[in-house]
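Single-structure report; data block below.
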Amino acid sequence: MKTVLISGAGIAGPTLAFWLRAAGYEPTLVERTPALRTGGYVIDFWGLGYDIAERMGLITEINRIGYHVQEMRIVDSAGRRLAGFGTRVFTELTGGRYVTLQRSDLSRLLFERVKGCIESIFGDEIVALHGEPDCVWVDLKHAGERRFDLVIGADGLHSTVRKLVLGSQQRFERHLGYIVAAFEVRGYRPRDEDAYLIYGRPGRMVGRFTLRGDRTLFLLVFAAGHAALPVTLDAQKAMLRDVYGHDVWECPRILAELDRTDEFYLDRVSQIRMSNWSRGRIALVGDAAFCVSLLAGQGSALAMISAYVLAGELGAAEGRYQQAFARYEALLRSYIGAKQRGAERFAGAFAPKTRAGMWFRNLVIKAFAVPGLARLAVGRDIADALQLPCYGWPSLDQVTATELFIPIHGDRMA
Ligand SMILES: Cc1cc2nc3c(=O)[nH]c(=O)nc-3n(C[C@H](O)[C@H](O)[C@H](O)COP(=O)(O)OP(=O)(O)OC[C@H]3O[C@@H](n4cnc5c(N)ncnc54)[C@H](O)[C@@H]3O)c2cc1C
């Protein structure tokens, strides 16, 4: 009971690979894209995810490349401040252990902790899985048939492993009524260092975040029914032009920037809700198992927590994978369920669908200026109602001595 194929090298995948090695397993990562994704949106990072990153030796680098945002500012059509709040409350509530960074940077740092020490296959993916009593036979699109002791799906919201083993996406996806798009450009003006700007109209918002290296990130979230997502880049851009085409503030320029962009992220804001996260020798972690959505603001941390707990339980169970999978779920299910319910409740406040809703949201945000109120309002959501279990990690010393890593297989492209 040693070899584990992990599908997906986002956040959960590399974290799981790291901790499985620490538990004495031999993980292999397979990632569909030819290389790790760059750019994309920024994430807020704190709590147990931050603790796990620290245990992986990544915190100095995360704080170096991350952003310490000072203000969240809602602006009107002329760019004047309507409401907002200083984000010092997050820093205070977390004892300074709070940082904003690009999801792709976190993914890269996590991957670098295992790069060269495990087999990593880029540009390939699982197309079929066949579980047997003593192994799983995996068919990879390019690399062909392989045998593993266990297979873990860390392949995100649209997980293929989930579809192949547990059922279609529709069975488990709960659409929260919004679509999200994010893209990055160079040379955009104005720049507001250390502030996150939001412009909203009923049912839609645009966020502007100033990045280093003369880059700017835009995040667009808008209410949408259950219609299928447009597939082509042109159709996706046309959808955004339809939604934001009559808006003011910087929207005309942002749409012009969008026209020049080849790479952007667009997806439904959805959760994944399943009654179990494994079948036989195959299990799911991160968004593949329980996506909480961007509205929870903590999906990356939860992806890391689930990977850590799954690896710890597999290590502790000494081969009894059924026991490990059951304990993994038992430890996390109610904690994750609470995060999902919280995100669902927050959905209405994120991009209120009426003018009255927007007015009320801004009023609440203004009230954050009252001493102590912001602390009270965000305190409960920011605290982690979970204690990380203590695991033995028999091979941790070997795994954390990164510089001494000797590649055992080397990365290879499919
Ligand atoms: C706009 C936005 C804002 C967010 N803000 C925050 C935030 O502030 N804080 C926070 O903590 N989280 C945030 N999140 C959530 C966070 O990004 C996700 O929860 C997190 O990335 C989940 O990690 P994961 O590894 O499970 O999945 P992913 O990061 O999605 O990684 C999945 C990986 O699997 C690969 N893959 C997909 N299909 C296959 C396949 N068939 N075979 C092989 N590989 C495959 C993908 O290419 C990808 O590399 C936000 C999300 C969004 C969309």
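The values are calculated or read from the model by the stated rules, or taken from the named source; none is laboratory data. Everything numeric in this text was worked out from a predicted model, so none of it was measured. We place every Cβ from the backbone using ideal geometry, glycine too, and count neighbours over all the protein chains shown. For accessibility, only protein heavy atoms count, side chains too; no ligands or nucleic acids. Shrake-Rupley method; radii C 1.70, N 1.55, O 1.52, S 1.80 Å.
Cα centroid separation, the range 295-361 to the range 29-93: 18 Å.
Mean projected area of the Cα convex hull of the range 13-94, taken over all directions, amounts to 8.3 nm². Packing, as the average of other Cβ atoms within 10 Å across residues, places the peptides 332-338, 161-167 in the order 161-167, 332-338, highest first. In the range 43-168, one over the average inverse separation of all distinct C-alpha pairs is 18.3 Å, which is the Kirkwood hydrodynamic radius.
Counting only DSSP beta bridges with both residues in the chain, tell me the antiparallel percent, nearest 5. Could the numbers behind the result be given before it?
Numbers: 55 of 79 bridges.
The answer is about 70 percent antiparallel.
Which order do peptides 239-245, 44-50, 96-102 fall in by mean Cβ count within 10 Å, highest first? Don't skip to the answer; put the middle values down first.
Numbers: 239-245: 16.6, 44-50: 21.6, 96-102: 19.4.
Answer by packing, highest mean first, reads 44-50, 96-102, 239-245.
In whole percent, and with a 1.4 Å probe on the protein chains, what portion of the accessible area of the chain is carbon and sulfur?
Numbers: 9550 of 18000 Å².
Heavy-atom surface of the chain belonging to carbon and sulfur, 1.4 Å probe: 53 percent.
Starting from the Cα of VAL127, step 7 Å toward the Cβ, then list every residue of the range 145-172 with an amide N under 19 Å from that point. 145-148, 159-165, by backbone N distance to the label point. Seen from all directions on average, the range 206-260 presents a Cα convex hull projection of 4.5 nm².
When every Cα-Cα distance of the range 202-347 is counted in 5 angstrom steps from zero, the calculated P(r) takes the values 2, 8, 15, 15, 14, 13, 11, 9, 7, 4, 2, 1, 0 percent. Structure note, pairs LYS2/LYS339; LYS141/LYS163; LYS141/LYS339; LYS237/LYS366: Cα-Cα distances above 26 angstrom occur for LYS2/LYS339; LYS141/LYS339; LYS237/LYS366.
Treating r as the C-beta distance of ASP259 and ARG147 and R0 as 45 Å, the FRET efficiency rounds to 0.40.
Which peptide among 381-387, 263-269 comes first, and what is the full order, when sorted by highest mean count of other Cβ atoms within 10 Å? Mind showing how you got there, number by number?
On the way: 381-387: 13.9, 263-269: 17.4.
Highest-to-lowest ranking by the protection proxy: 263-269, 381-387.
Name the residues of the range 91-132 whose amide N is less than 11 Å from a point 7 angstrom out from the Cα of LEU233 along the C-beta direction? Inside the label zone: nothing.
Report the gain in length on full extension from THR354 to GLN398: 0.36 nm times residue separation, minus Cα-Cα distance, nm rounded to one decimal.
10.2 nm
The loop-placed GluC sites (Glu not before Pro) in the range 168-259, going by DSSP, that have at most 11 neighbouring Cβ atoms within 10 Å of their Cβ come out as GLU193.
For the range 346-385, the Cα gyration tensor yields ellipsoid semi-axes of 21, 15, 4 Å (square root of five times each eigenvalue, largest first, whole Å). Membrane-span-like helices in the chain (whole DSSP H runs, Cα extent of at least 20 Å along the helix axis, mean Kyte-Doolittle hydropathy of at least 1.0): 299-317. Were the residues from ARG241 through ALA383 laid out at 0.36 nm apart, the gain over their Cα-Cα distance would be 47.3 nm.
Find the accessible area per residue for the chain; the probe is 1.4 Å, ligands and nucleic acids are left out, and the unit is Å².
Details: 18000 Å² over 414 residues.
Per residue, the chain has 43 Å² of solvent-accessible surface.
Working note: Debye formula, equal point scatterers on the alpha-carbon atoms of the range 57-113, no solvent; log10 I(q)/I(0) at q = 0.19 Å⁻¹ is -0.77.
What shape does the range 136-295 take by its C-alpha gyration tensor, where a ≥ b ≥ c are the square roots of the eigenvalues and a/c under 1.5 counts as rounded, a/b above b/c as prolate, and the rest as oblate?
In terms of gyration-tensor shape, prolate.
Taking a ≥ b ≥ c as the square roots of the eigenvalues of the Cα gyration tensor, an a/c ratio of 1.5 or more together with a/b larger than b/c marks the chain as prolate.
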